[in-house]
């Protein structure tokens, strides 16, 4: 896809809440919400659940059971899925996670996010970990089935999770 076509599609992609990485000038450069790891599924999942516990996205008492289930699913079906717990956010925290042009939708109530984590076999045989956030700005009285307004991610949350995972795995 050419750069010009991609730039024209960028607002539509952002509206679908794809994870994106941004350069310092604010231009979307690519969609990067995954990393590939060469370690065993057990080790990657242990590190992943530890990162989620540290970030408040997973209860420590649920981590062992969910980790085992995720490894079993990956081993059996060559893919596994895990949704994090809902993580509450203040207005400043929420603003840090969404593109600047969407910050006007953030009210005084703050919001929350939930992560969808997917494990798949990578093309090179490694283990691909995808992080897809659902970021919600709370709206008084709720709005729709999510109780707020979905906002696109600017890639900060995904990068934070994947970098923490890489550090834990020694990468």
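The value for segment 92-140 of Rg(Cα) / (2.2 N^0.38 Å) is 1.57. Stretching residue 78 away from residue 146 to a fully extended chain increases their span by 21.4 nm, per 0.36 nm per residue minus the current alpha-carbon distance. Remark: segment 33-168 projects, on average over all directions, an area of 8.7 nm² (convex hull of Cα atoms). Spin-label model, residue 39 to residue 86: label points 7 Å out along the Cα-to-beta-carbon direction sit 3.1 nm apart. In a fully extended conformation the segment linking residue 32 and residue 116 would gain 28.8 nm over its present Cα-Cα distance, using 0.36 nm per residue. Taking 0.36 nm per residue of sequence separation and removing the Cα-Cα distance, the residue 101/residue 166 pair yields an extension gain of 20.4 nm.
Bear in mind these aren't lab numbers, they're just calculated from the coordinates by the rules spelled out. Worth saying up front: this structure is predicted, and the values here are computed from it rather than measured. Cβ coordinates were reconstructed from backbone atoms using ideal geometry, including for glycine residues, and neighbour counts include every protein chain displayed.
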